[in-house]
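S.K.: This structure is in structure tokens; I'll ask about it shortly.
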Amino acid sequence: MAKNGTQEFVASLERGLRVLQSFSRENAQMTLSEVAALNGLSAATVRRSLHTLEGLGYIGRNGRRFLLRPKVLSLTAGYLGAINAEVVLQPFVQEVVNEVGGSSSVTVLDDLDIVYLAHASQGRAIRLTAGAGARYPAYATAMGRVLLAFQPKEVVDSYFLRAHLRKLTEHTETNVAALRRILKTVQEKRMAAIEDELDYGLVSVALPIVGPAGQVVAAANCSDVSNRFDKQAIIDRRLPTLRRAVRRIEHMLAQFPELAASVTFDQSTRTPTAR
């Protein structure tokens, strides 16, 4: 039986995409055996995938190590262009930054990570990259917790089964039971806030963005450096502005339902696999 119960599923394409997605900040350059071990695939399968991706220009080599080539950006550029994020989302996050400073972003949930669709910043010294297409683990971010909190139970269960919950700072919560309690509180309050969990010196508050069908399709945040605000202060001083921006985004989504469809998390593509 093909994965997801369909004979149309192309397993070789899935493995090739898995190989491509295994490159990250932590694994920027890998040998063939490292890629195979990371993905649980045979060396022969990975060799074919890497050579194909290299021939297509998506992967290059540095000696024995493989690395991504700039052509991979064409994959995200097509998506961002199709949803017109720069036009329909960017103005809202820019307005938040113009009014209160710091930075503001809109993200969606993609499997274990949040992915940035729009971002604006006042230019303060925050070390983390947060441009369109950037990815961060959902469990350690305010926006990720907002997005997870409103997923069905089976999606959340699958997330905790597969996610690698590691300490990004000494304050990062990695206990599954504690994270589940946090998600319950987030659902009740319809907001999330973090301080020094994704990175030292970063504080953030986030809200869900609800699509025309009444489901949470994205999240928006406002963040700053923690030597200017603690978690409660950013909630008190930034949340009203962020809430107004979210309402405007939701109004825009009601006018363009195809955009909401493009960013809605597709549960059918996720299968609970231990990691």
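S.K.: If each Cα of the stretch 1-61 is one equal point scatterer, what is log10 of I(q)/I(0) from the Debye formula at q = 0.13, 0.19, 0.21 Å⁻¹?
M.R.: These q points yield log10 I(q)/I(0) values of -0.35, -0.69, -0.81.
S.K.: Please compute the net charge surrounding residue 59, taking Lys and Arg as +1 and Asp and Glu as -1 over other residues with Cβ under 10 Å from its Cβ.
M.R.: Combined, the nearby Lys, Arg, Asp and Glu give +2.
S.K.: Listed highest first by mean packing, meaning other Cβ atoms within 10 Å per residue, what order do 241-248, 216-223, 9-16, 227-234 come in?
M.R.: Numbers: 241-248: 17.6, 216-223: 27.9, 9-16: 13.0, 227-234: 15.9.
Taking the mean over residues of other Cβ atoms within 10 Å, the ranking is 216-223, 241-248, 227-234, 9-16.
S.K.: Let me ask another. Can you give me the convex hull volume of the Cα atoms of the stretch 113-203, divided per residue and expressed in Å³?
M.R.: Given the Cα convex hull of the stretch 113-203, per-residue volume reads 102 Å³.
S.K.: Continuing with this model, one more query. Using a 7 Å offset from the Cα along the Cα-to-Cβ direction at both residue 38 and residue 61, what is the distance between the two label points in nm, to one decimal?
M.R.: Computed distance between label sites residue 38 and residue 61 equals 1.8 nm.
S.K.: For the pair residue 252 and residue 190, how long in nm is the line joining their label points, each one 7 Å along Cα→Cβ?
M.R.: A separation of 2.0 nm, rounded to one decimal place.
S.K.: Rounded if a/c is under 1.5, else prolate if a/b beats b/c, else oblate: with a ≥ b ≥ c from the C-alpha gyration tensor eigenvalues square-rooted, which is the stretch 155-256?
M.R.: Oblate is the answer for the stretch 155-256, as a/c is 1.5 or above yet b/c matches or exceeds a/b.
Each value in this text was obtained by applying a stated rule to the coordinates, not by laboratory testing. Keep in mind it's a predicted model, so treat the numbers as computed, not measured. Heads up, the Cβs are rebuilt from the backbone with ideal geometry, glycines too, and the neighbour counts pull from every protein chain shown.
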